[in-house]
Amino acid sequence: MIAVGVLVSGRGSNLAALLDASRAPECPYSIACVISDQPSALALQTASRAKIPSFCHEKAPSMKKAEYEQGLIGRLREHGVQVVALAGFMRILGKTFLAEYGGRVLNIHPSLLPAFPGLHAQEQAHRAGVRHAGCTVHLVDAGMDTGPILDQACLRVDPAWDAQELAAHILELEHRLYPETLARFCRGEFRLEEGRVRVFAPPAWLRPVWNRFAASHFGRVTPVLSSPAGVPRTAVSACLCGFPCRYDAQDKRNESWLAHLQDHELLPVCPEVLAGLGIPRPRIQYENENVNDILQDPIIWDETGMDVTVPLKDAVSRIVQWCRENRVERVILKESSPSCGVRRTPWRGRKVEGRGILAAALERAGFPIVSSEAEPDS
Ligand code: GRF
């Protein structure tokens, strides 16, 4: 489950939409806290009615932007926030904030960007007499409404509408688009390539696998495979199916294995996602002093220096349990990775001979483990 922090300044109708959506069982995120820069923001009341921790973090005129943003970061960290959603937050975030949360701050803007950035976008659109209007969810960069576009929704404008009516129609769209796009972001369905967002689109036959992966890893549902008797059941590192790798965002899709497994019932597995370490892709590191210890009793830190040993080990044992329950016959994992590594485990810039924690646990449980670099027929 991805912890989202919402920054607001006013009415809070988008916050309410995000909160509503977060209550659905399959939603991959939960709202961990709400922060306003305005003490009178109605959004703060919405948050406290929903029993979400909420705070006002005002900027005193004497306060430097960097200091203000450090305060925001501190609050968000206290609540374990992994992704930030701006919902009517009326400040431009600067480099201090983006150094910490860049690439995982989303914003909703009430126009079809890049048209009409900045304030009063709906009035600008109305004045321009546009025939289609809408809203945009984008990643936040240092500019004003300039970050990479994640998704948009649009409507046909009735020329009889005044600016307020247009704004009301756009707002309805916002309330649908924002929760949906945030959920897709948290499920890792977007990738950034050369400043543009690409949508992760699995081939049709992999769609059910992807849905099962998302439900089991984010919705905390035990995946139950449903293949007819006789179909082999195979667990595969999720990134080998094409889901963005949590370590380096690379596409590790292994076409020859996927072609080979078309008639198998696949169970994609990823301990980092299951442990809630999905975004941003944390660089998991073994912190043990002694090389041999990492294979016996690893201590695992993420890029922020947080000890993630317990959630990762817990995720590993749940995956082993799923594989047992589903009578998985064989497991295909990456050759080299801290968790799935069949043969090598990265450690302090080196690759150490030995299995990663997932590979080791599955082997101890008696599952045949195959490296993704092996020939599919072997
Ligand atoms: C929305 O129109 C949103 O697009 C913009 O600010 C407004 C916030 O409204 N960024 P609310 O506070 O969510 O009701």
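Readers should treat all values here as calculations from the given coordinates under stated rules, not as data from a laboratory. On a predicted model such as this, the values are computed, not experimentally measured, just so you know. Quick reminder, even Gly has a Cβ in these numbers, built from the backbone with ideal geometry, and neighbours come from all protein chains shown.
Which aspartates and glutamates have a Cα less than 16 Å from the Cα of Lys313, not counting those fewer than 8 places away in the same chain?
Glu272, Glu287, Asp293, Asp297, Asp302, Glu363
Amide H to amide H under 5 Å from Trp347: which residues, 5+ apart in sequence or cross-chain, H placed 1.01 Å off N in plane?
Val352
Apply the Karplus curve 6.51 cos²θ - 1.76 cosθ + 1.60, θ = phi - 60°, to the phi angles in region 325-335 and return the couplings in whole Hz, x for Gly and Pro.
Those phi angles translate into 4, 8, 6, 5, 8, 7, 10, 10, 10, 5, 5 Hz.
Please state the charge dipole magnitude for the chain, taken about the Cα centre, from unit charges on C-beta atoms (+1 on K and R, -1 on D and E), reported in debye and rounded to the nearest 20. Let's see the in-between values first.
Details: 43 positive and 43 negative charges, 49 e Å.
Computed charge dipole of the chain: roughly 240 debye.
Taking H as built 1.01 Å from N, whose amide H comes closer than 5 Å to the amide H of Asn288, not counting residues under 5 places away?
Close amide H contacts, sequence-distant or interchain: Ile299.
Hey, in the chain, which Cys have no second cysteine's beta-carbon closer than 4.7 Å?
So far as the 4.7 Å Cβ criterion goes, Cys27, Cys33, Cys56, Cys135, Cys154, Cys186, Cys241, Cys270, Cys323, Cys340 stand without a partner in the chain.
For region 159-170, take each phi angle, set θ = phi - 60°, evaluate the Karplus expression 6.51 cos²θ - 1.76 cosθ + 1.60, and give the result in whole Hz per residue in order, putting x for glycine and proline.
Rounded to whole hertz, the list is x, 7, 5, 8, 4, 5, 5, 4, 4, 5, 5, 5.
So what J values fall out for region 254-271 if you push phi through Karplus, 6.51 cos²θ - 1.76 cosθ + 1.60 with θ = phi - 60°, rounded to Hz, Gly and Pro as x?
10, 4, 5, 5, 4, 4, 5, 9, 4, 9, 9, 8, 9, 10, x, 10, 8, x
Per residue of the chain, what 222 nm ellipticity follows from adding -39500 (n - 2.57) for every DSSP H run with n ≥ 4, rounded to the nearest 500?
My calculation for the chain gives -9500 deg cm²/dmol from helical runs alone.
Identify all lysines with a Cα-Cα distance to Lys95 below 26 Å; exclude those on the same chain that are fewer than 8 residues away in sequence.
Output for Lys95: Lys59, Lys64, Lys65.
Give, rounded to the nearest 20 debye, the magnitude of the charge dipole that region 30-138 has about its Cα centre when Lys and Arg contribute +1 at Cβ and Asp and Glu contribute -1 at Cβ.
I would put it at about 120 debye.
Give the long-range amide H neighbours of Cys270: residues separated by 5 or more places, or on another chain, with amide H under 5 Å away, using H modelled in the peptide plane at 1.01 Å from N.
The list, which skips near neighbours in sequence, is Ala238.
Report, in debye and to the nearest 20, how large the dipole of region 61-212 comes out about its Cα centre when Lys and Arg carry +1 and Asp and Glu carry -1 on their Cβ. Numbers along the way, then the final one.
Values: 18 positive and 17 negative charges, 102 e Å.
I would put it at about 500 debye.
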